[in-house]
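Structure, as structure tokens:
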Amino acid sequence: MKEYIVKVMEISDVTHNVKKLHLEKPEAYSFKPGQATDVAINKEGWKDKKRPFTFTNLPDDEILELTIKIYDSHNSVTKAIGGMKKGDELILNEPWGTISYRGEGVFIAGGSGITPFISILRDLDRKDEIKDTMLIFANNTSKDIIMEDELADILGKDRFINILAEEKTEKYHHGLISKEFLEKEVGDFNRVFYLCGPPPMMKAVQEQLNELGVDKNAIVKEEF
Ligand SMILES: Cc1cc2nc3c(=O)[nH]c(=O)nc-3n(C[C@H](O)[C@H](O)[C@H](O)COP(=O)(O)OP(=O)(O)OC[C@H]3O[C@@H](n4cnc5c(N)ncnc54)[C@H](O)[C@@H]3O)c2cc1C
């Protein structure tokens with residue numbers, strides 16, 4: 001497996017526990033919106049600890065961008081990445097991943113499961129192909145919503161639906177995604193559904209979509 005050593009050019013906060021990294025792009029490195037790669041820190045003791053992360057920028061940008069939720073547990077790779085500085089190095093592999101765009105539809109993301117959709121939505125926006133694309137974004141609280149302003153700009157207020165499990169406010173829906181919630185917000189189920197998030201959410205939403213008549217083949221998914 002080919003490996004690329006890349007330098008961190010910039011690291012900044014996206015939310016209280018999500019960081020954005022801009023990386024040097026190796027020559028001729030290319031990926032499709034939605035794809036990820038295996039990443040390790042180029043430092044003794046970390047080189048074999050590979051974790052998958054998704055590119056959130058556009059393929060023809062001059063840099064690579066990763067958007068990473070930091071888990072604060074002992075020895076987690078994301079915690080070590082969160083502590084990296086400009087000039088530190090990562091090891092990347094070739095891009096891979098099951099999420100790719102198959103046409104206009106409904107994107108459903110939980111937490112950092114938004115990452116494969118960021119590049120896809122930025123790409124659609126750039127090509128002026130957002131049309132009726134809808135995003136349902138599930139988080140615990142409003143401070144967990146990744147890139148809220150940019151997503152609202154891309155999709156418009158009516159097609160960007162946020163639901164929060166642990167916070168009740170006027171501005172967002174409250175609770176977990178349910179069949180009734182999907183029925184009310186989505187209406188038309190004869191569309192492509194894109195699903196990415198933690199395993200319990202993925203399992204629940206797939207069952208709900210199946211009950212609402214969505215064919216398994218119409219669901220493009222990746223478990224985080
Ligand atoms: C194809 C693919 C692409 C991905 N892209 C991204 C991305 O762009 N950005 C991003 O932030 N993440 C992404 N992930 C998830 C990411 O790979 C994991 O969060 C990461 O591997 C955690 O590694 P760690 O060593 O920090 O945590 P570990 O040491 O493995 O775990 C630390 C703690 O966090 C918990 N934990 C770890 N991962 C998750 C999770 N996903 N959900 C809930 N709890 C978890 C564990 O239970 C544990 O308690 C992607 C996953 C896949 C499969």
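The values are calculated or read from the model by the stated rules, or taken from the named source; none is laboratory data. Remember, predicted model here, so these are calculated numbers, not experimental data. Ideal geometry is used to build each Cβ from the backbone, glycine not excepted, and the neighbour counts take in all protein chains shown.
Here are some notes:
- Residue ID - farthest from the ligand (Cβ to nearest atom), chosen from residues in region 32-57 that are aromatic (Phe, Trp, Tyr) and surrounded by 21 or more Cβ atoms within 10 Å (Cβ to Cβ): Phe55
- Residue in region 109-116 that is modelled with pLDDT under 95 and either charged (D, E, K, R) or within 16 Å of the ligand (Cβ to nearest atom) (or both) present: no
- Inside region 64-102, residues that are farther than 19 Å from Tyr29 by Cα, within 7 Å of the ligand (Cβ to nearest atom) and buried (at least 18 other Cβ atoms within 10 Å of the Cβ) make up a count of 4.
- Taking the conditions (1) farther than 26 Å from Ala28 by Cβ; (2) assigned by TED's automatic domain parsing to the domain that holds Glu24; (3) touching a strand residue (DSSP E or B) at 6+ places or on another chain (Cβ under 9 Å) in turn, Ile136 satisfies each one other than (2).
- For region 6-20, the set of residues classified as touching a residue at least 60 places away in the same chain (Cβ under 8 Å), in a strand (DSSP E or B) and within 15 Å of the ligand (Cβ to nearest atom) consists of Ile11, Val14, Thr15, Val18, Lys19, listed by residue number.
- Residue within region 35-44 that is under 20 Å from Arg126 (Cβ atoms) and touching a Leu at 6+ places or on another chain (Cβ under 6 Å) present: no
- The one condition from (1) more than 10 Å from the ligand (Cβ to nearest atom); (2) within 14 Å of the chain's Cα centre (by Cα) that Asp61 does not meet is (2).
- There is at least one residue in region 188-204 that is touching a residue at least 24 places away in the same chain (Cβ under 8 Å), of a type outside the set (Ser, Thr, Tyr), exposed (fewer than 11 other Cβ atoms within 10 Å of the Cβ) and within 16 Å of the ligand (Cβ to nearest atom).
- Test: residue in region 157-165 that is exposed (fewer than 15 other Cβ atoms within 10 Å of the Cβ), at pLDDT 95 or above and not assigned by TED's automatic domain parsing to the domain that holds Asp38: no
- Filter result (of a type in the set (A, V, I, L, M, F, W, C) and buried (at least 16 other Cβ atoms within 10 Å of the Cβ)) within region 15-31: Val18, Leu21, Leu23, Phe31
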